[in-house]
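First comes the structure, then the notes that go with it.
The values are calculated or read from the model by the stated rules, or taken from the named source; none is laboratory data. Computed from a predicted structure; not experimentally measured. Here the Cβ is made from the backbone with ideal geometry for all residues, glycine too, and neighbour counts use every protein chain on show. All accessible areas refer to the heavy atoms of the entire protein, side chains included, with ligands and DNA or RNA removed. Shrake-Rupley method; radii C 1.70, N 1.55, O 1.52, S 1.80 Å.
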Amino acid sequence: MVGTNDTENPITAKPSNLRSEVGIVCAYKYWGDDEENDENDTSRGTRWSKSRIKLTESEEEDDRVSRLSCWQRIVEFYQHDSLLIDVAISIFIAWLWPPLGAQYCVPGVTAHWVAVIIIFFFSGLGLCISDLRRSSGDFGFNLFVGVFNFIGISACVYYSASELFRIEVLSEGIYHGLIICSCLPQTTNMALVLTQSSGGDESSALFNATFWNLIGIFLTPMLIFYYLTETSNFDFGDLYLKICLRVVFPVIVGIWMRYAITGLAQVLSDEKKRIKVLRERCLVFIIYTTFCETFLIEVDIDYGDFIVMVWFQIIELTILMFIAWVFLRLLFPRQYKKRVFGLFGCTHKSVALGIPLLTAIYGRDKNLGLYTLPLLVWYPTQLIFGTFMAPRLNEFVKYKESKERKLLETAPMKPLTKGNTEKSEVPKDDKECEKVQIY
């Protein structure tokens, strides 16, 4: 039994190391009364130490933030959302003086070839085949995510945008841009980061992002041609030749180098942040030159069309996320971690792959800027929605995990005898938890 001496009892002892009443509350919470046995004292002491560590870390973080100057806070904000800020700045600079990016930077070589090849080469370098094999087991779930993202979204956007175009609410360029955006594959980094923040299935996120991005290289042009047959003028032989040279070949070379050069995988892991920055800078350069060419030839962008497009995408993304969640709930009721990723994987569209792919498809088309504009709106919208939902989805995952633990604790057990080989009855919890079989 725990002694009643004040010097040994943490409740009556003076909490000299705590600096606030929060510590006293933690003490009562983790130590309880002194009628518990010695065996539990060790675990309580551990909890007490952890609570003090958490309190100290929180105070240190508050102190760190309070000591930051205004400039340091601006730098932190930029580092957190550098890609979106760089894209906005590049579009503004392109508007100020279009000839710099449209003529002097030679975008036909630097943006359409060099930058695209660099992006996909490093994509191949970062591709781990063993991770893909481990995550490819759930065929039904992976197929649903890909079909919803490519077929479901593109069909919904096509029919709804066609109605707006028919009643002359949208211009032709924006209308085509919306359809093209809906045919692109899902994001890679954003889906994985949001899945991690939400407590979802990271291996499924990695597999689907990688696999469907590779499939999208070939599937996206087919979908665009299917929906825009009357206006698309594709030479598929020339198109896929350019895609193979700019996209497929760099990916294959990157994969080969990763496994052929000893120690390269470790170097890539150590330089992961720098490689990410390099890929983002190439992406920003492509966007910059694209809008320089758009502004130089003075393509008319009606502000009314732009506002309609923004609201259309916000409403469309909200509806599609709701539909995706309902279908995931119906089809995969017990795989709650996969459902969390599925919400992102079903509705996200990739800028990192989309812009280079559209550049490879449309080349020097004068409307390329209009075609990329809806994607540049969809991307931050899905980021804002995902950031808002991540903590709520994380609570959802924790709630499901706690229900699973309770189910395991309360499940009745039957002793296994020679004459009794029947499995025990386990209560079903609205079909939301994994079925537990206890022998």
Backbone HN-Hα couplings from phi across region 329-334 [Karplus 6.51/-1.76/1.60, Hz, Gly and Pro as x]
5, 6, 8, 10, x, 9
Quick calc: nm separation of the 7 Å Cα→Cβ label points for W256 and F225 -> 2.7
Ordering C128, C292 by the accessible surface of their heavy atoms, 1.4 Å probe, largest first, yields C128, C292
Per-residue ³J(HN,Hα) for region 237-253, Karplus 6.51 cos²θ - 1.76 cosθ + 1.60, θ = phi - 60°, Hz, x for Gly and Pro:
x, 5, 4, 6, 5, 5, 5, 5, 6, 8, 10, 5, 4, x, 4, 4, 4
What list of ³J(HN,Hα) couplings, whole Hz, do you get for region 72-77 from phi and the Karplus terms 6.51, -1.76, 1.60, once you set θ to phi - 60° and write x for glycine and proline?
5, 5, 5, 4, 4, 5
In this model, which of K272/K398; K272/K337; K272/K349; K276/K349; K242/K338 are farther than 28 Å apart at the alpha-carbon?
K272/K398; K242/K338
Per 5 Å bin from zero, what fraction in whole % of the C-alpha pairs of region 113-231 is there, up to the bin with the longest pair?
2, 10, 17, 19, 17, 14, 11, 7, 3, 1, 0
Hey, rough spin-label estimate for E172 and I315, points 7 angstrom out along Cα→Cβ, what's it come to in nanometres?
2.5
Built amide H within the under 5 Å cut-off of T347, gap 5+:
none
